[in-house]
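Worksheet for the structure shown next.
The values are calculated or read from the model by the stated rules, or taken from the named source; none is laboratory data. Quick caveat: nothing in here was measured; it's all calculated off a predicted structure. Cβ placement follows ideal geometry from the backbone for every residue including glycine, while neighbour counts extend to all protein chains displayed.
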Amino acid sequence: MADRPIYVTMPSLAPLEEYMDILKGIWARGILTHNGPLVQQLENDLCAHFDLPGFVAVSNGTIAIQMAIKALGLQGGEIVTTPFTWIATVSAIQWEGCTPVFCDIDPDTLNIDPARIEACITDKTAAIMPVHVFGHPCDVDAIQAIADRHGLKVIYDAAHAVGSTHNGRSVLEAGDISATSLHATKLLNTAEGGGCVTRDPALHEKLKRIRFFGHDDRKDIVEEGFNGKMTEVHAALGLANLKYANEVLADRKRKYARYLDALASLPGVRFQKIATGEPNYSYFPIVFESEAQLLAAVDRLAARQIYPRRYFYPAVNTYTKIVPYTPCPIAEDISKRILCLPLYWTLPDAAIDEIGALLNPQQAG
Ligand code: T4K
């Protein structure tokens, strides 16, 4: 494989033969979807691997958020969320008939700032939806305390957070429901996919019904649902890739540290602060002093066919074609100055060293 171009990420993939072996079972059974044996095995294996109370596998991370809102019956309410996220957080809220209320972020952790949440709560607030940005766990204890004080539900957009931990446990256990993504660009992928995690067994069963048109076991319709099912072909990929999840995470952690070393002497940049828990090192964000400095770095890297990504730019509260604008000065400022550098399983260490040198103007010449 040619070593250029280098993009922000590449999927972590098991050897093709291992995937093909699992696919053979699908061909033999002829069961392609509808909660087939591989989807069930993937759910069980994810629970065993990450010590989760349950996992409802779905077709993508956006649907997982919508299902969480539906399962908790929040339609029509306001949901306090972060503007420093991917558009899916907010579009999912709006597709479920809820109103996003933007709460500014902590400039160090880049997650929603718990100290600002209460000012966003009104008598219409139904829930808080923080995002574990770039897999860095939110301050889940502070957020739960606020939710408890105001009788609110908490849904985590945990799209980035498979493998992230809080107090040594998967951070997917936090809140009423966590909605995660198994998209191609995530630490663990099923090409497209996602899932909901809850500690509440009744909610777990409800999520399974919502995923399958609202059917109960006898195919009676017992609630409003839709089609959120994962296919057997996607589950097979997840099963193949799951075997390598520990290796992928350890490799990313090592590369993350290598980036920190390579960029240690770079003036005027800073990195996301890990305040609580341990991230899964799924992204390597770097915050420049100015947008001009960022754009100059992008040009230097592009000249070597290296393409980092401006996650998340612009801040979602500024998408005024679909959301009413609420000022969030910290998120708006940081979104202009933040760049995610390439970080993935097959990225050579030499590429990290090269990026470090290119970003350092003295060394880059
Ligand atoms: N909440 C949050 C906070 C999220 O970040 C996301 C998704 C969601 C919710 C919703 O989850 P999903 O419904 O997507 O499961 C990507 C992903 O499409 C998206 O999943 C992700 N967040 C977002 C942060 O990033 P793009 O438009 O940047 O992806 P794309 O296609 O440009 O891919 C980035 C790089 O990855 C490419 O330059 C090359 C590489 N790539 C990508 C794909 C799709 C591959 O090598 N192979 C591939 O198949 O959105």
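Could you list, in sequence order, all residues of segment 259-287 that are touching an Asp or Glu at 6+ places or on another chain (Cβ under 6 Å) and charged (D, E, K, R)?
LYS273
Answer yes or no: is there a residue in segment 269-280 that is among the hydrophobic types (A, V, I, L, M, F, W, C) and assigned to a helix (DSSP H, G or I).
No, because not a single residue in segment 269-280 is among the hydrophobic types (A, V, I, L, M, F, W, C) and assigned to a helix (DSSP H, G or I).
Just checking, which of ILE322, ILE334, ILE355 is within 29 Å of CYS103 (Cα to Cα), within 16 Å of the ligand (Cβ to nearest atom) and in a helix (DSSP H, G or I)?
After applying the criteria, what remains is ILE334.
For ILE26, are the conditions met, namely being farther than 27 Å from SER170 by Cα and in contact with a helix residue (DSSP H, G or I) (Cβ under 6 Å, 6 or more places away or on another chain)?
For ILE26, the condition - farther than 27 Å from SER170 by Cα and in contact with a helix residue (DSSP H, G or I) (Cβ under 6 Å, 6 or more places away or on another chain) - is met.
State all residues of segment 69-101 that are among the hydrophobic types (A, V, I, L, M, F, W, C) and in contact with a Phe, Trp or Tyr (Cβ under 9 Å, 6 or more places away or on another chain); if no residue qualifies, say none.
ILE69, VAL80, PHE84, TRP86, ILE87, VAL90
Report, ordered by the first and then the second residue, all pairs with beta carbons closer than 9 Å, sequence separation of six or more or different chains, a first member in segment 302-318 that is over 15 Å from LEU343 (Cα atoms) and in a loop (DSSP other than H, G, I, E, B), and a second member that is within 13 Å of the ligand (Cβ to nearest atom) and of a type in the set (Phe, Trp, Tyr).
PHE312/PHE84; PHE312/TRP86; ALA315/PHE84
ALA119: in contact (Cβ under 8 Å) with a residue 24 or more places away in the chain and over 20 Å from the mean Cα position of the chain (by Cα), yes or no?
no
Only one residue in ARG309, ARG300 is within 20 Å of the chain's Cα centre (by Cα) and either charged (D, E, K, R) or farther than 21 Å from PHE134 by Cβ (or both), so which one is that?
ARG309
Which count do you get for residues in segment 220-254 that are in contact with a strand residue (DSSP E or B) (Cβ under 8 Å, 6 or more places away or on another chain) and surrounded by 15 or more Cβ atoms within 10 Å (Cβ to Cβ)?
6
Only one of LEU263, LEU301, LEU294 is farther than 13 Å from ILE355 by Cα, surrounded by 15 or more Cβ atoms within 10 Å (Cβ to Cβ) and modelled with pLDDT of 95 or more; which?
The match here is LEU294.
Any idea which of GLY175, GLY151, GLY193, GLY163 is more than 12 Å from the chain's Cα centre (by Cα), surrounded by 24 or more Cβ atoms within 10 Å (Cβ to Cβ) and modelled with pLDDT of 95 or more?
GLY175
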